[in-house]
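I have placed the structure first, in the form of structure tokens, so that the comments after it can refer back to it.
The values are calculated or read from the model by the stated rules, or taken from the named source; none is laboratory data. This structure is a prediction, so every number in the text was calculated from the model and none was measured. Every residue, glycine as well, gets a Cβ built from its backbone with ideal geometry; the counts of neighbours run over all protein chains shown.
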Amino acid sequence: MITWDTHLHTEFSGDSTARVNDMINAGRSKGLKGMVFTDHLDWNYPNEPGLFDLDFYSYLDAMNLAMTQNPDIEIRKGIEIGLQPHLAERHREFLNKVTFDFVIGSIHVVDKRDPYYPEFFKDRSADEAYGEYLECMKENLLTFTDFDALGHLDYVVRYGIRHLGQSLGSMSFYKHRPIIEEILQFLIKNEKALEINTGSFRNNMTEPNPSYEIIKLYYDMGGRLITIGSDAHKPENVADGFDGVALRLKEIGFTSQAVYISRIIHEMPL
Ligand SMILES: [Zn+2]
Ligand SMILES: [Zn+2]
């Protein structure tokens, strides 16, 4: 059973209006033991500049208040940082200055474009777009390692399917397998977690991000460190799809989910 949701957004994210306490009430009613909030920080976000410039001091104040108001459930302070190679040094300085329990590194922007918008897929095949996304992910990993988990590895497929449809938008795993293996190898070698993100289910997908093929590959390569999050931006999506995902992860061989507290790994049984 998945007892912690470690990827959650609130109104401190530019794309959410959810109140912290409404999210916590949802987590409580779904039987969670712990919730890690990971509001967005995406500096230099090209499509809507400033939208994801997290007001982190207000955010941390709100989290501290939520922790004292909700002693029956564990609340932790995380952040989802949108990586871009030119921001690596700025992110390092930021994380030296401001303390979080958990840091997700995610790639939302590739060469000044977010695959969330259809322009990313214009005039090319889905596989070309996916190849560019994965190359960009690798480039980011080579410049920045100060995160705990790599967010939604195949995030780009969510939007490929949305913009191109199920058949044109599906990812050819074998075509991209070499670079996916490089990324997974990097995570294993550097003791970074692979995030299993169930936000995909709200985007017409039947598997989490990344897909079970990628999760199984990670396991077969020796990867055991996974974090699990719903990426909920609304209370009703907290812990989305967790029961089915827990079963599949156990079938693959995983026995625990990682939860980071003060950036230290705690393994919670599945
Ligand atoms: Zn994200
Ligand atoms: Zn997110």
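Below are the figures for this structure:
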| item | result |
| --- | --- |
| Residue tally, condition within 15 Å of ligand 1 (Cβ to nearest atom) and of a type in the set (D, E, K, R), over segment 178-230 | 2 |
| Residue that is nearest to V109 (Cα to Cα) [pool: residues in segment 149-175 that are in contact with a strand residue (DSSP E or B) (Cβ under 7 Å, 6 or more places away or on another chain) and small (G, A, S)] | G151 |
| Any hit, segment 149-161, residues being more than 16 Å from ligand 2 (Cβ to nearest atom) and surrounded by fewer than 14 Cβ atoms within 10 Å (Cβ to Cβ) | no |
| Residue check for N190: at pLDDT below 95, more than 16 Å from ligand 2 (Cβ to nearest atom) and surrounded by fewer than 17 Cβ atoms within 10 Å (Cβ to Cβ) | no |
| Inter-residue pairs, beta-carbon under 7 Å, first within 24 Å of M221 (Cβ to Cβ) and in segment 237-253, second part of a helix (DSSP H, G or I), 6+ apart | V245/T198; R248/Y212; I252/I215; I252/K216; I252/Y219; G253/Y219 |
| Matching entry among E191, E195 (being in a strand (DSSP E or B) and either among the aliphatic types (A, V, I, L, M) or under 16 Å from F147 (Cα atoms) (or both)) | E195 |
| Those residues of segment 131-148 which are farther than 10 Å from I107 by Cβ and within 16 Å of ligand 2 (Cβ to nearest atom), in sequence order | F147, D148 |
| Residue match in segment 49-57 (condition: surrounded by fewer than 22 Cβ atoms within 10 Å (Cβ to Cβ), away from ligand 2 (no atom under 16 Å from the Cβ) and of a type in the set (A, V, I, L, M, F, W, C)) | no |
| Filter result for H86 (out of contact with any Leu (no Cβ under 7 Å at 6 or more places or on another chain) and in contact (Cβ under 8 Å) with a residue 40 or more places away in the chain) | yes |
| Residue in segment 51-84 that is nearest to the chain's Cα centre (by Cα), counting only those that are in a loop (DSSP other than H, G, I, E, B) and under 18 Å from G151 (Cβ atoms) | L83 |
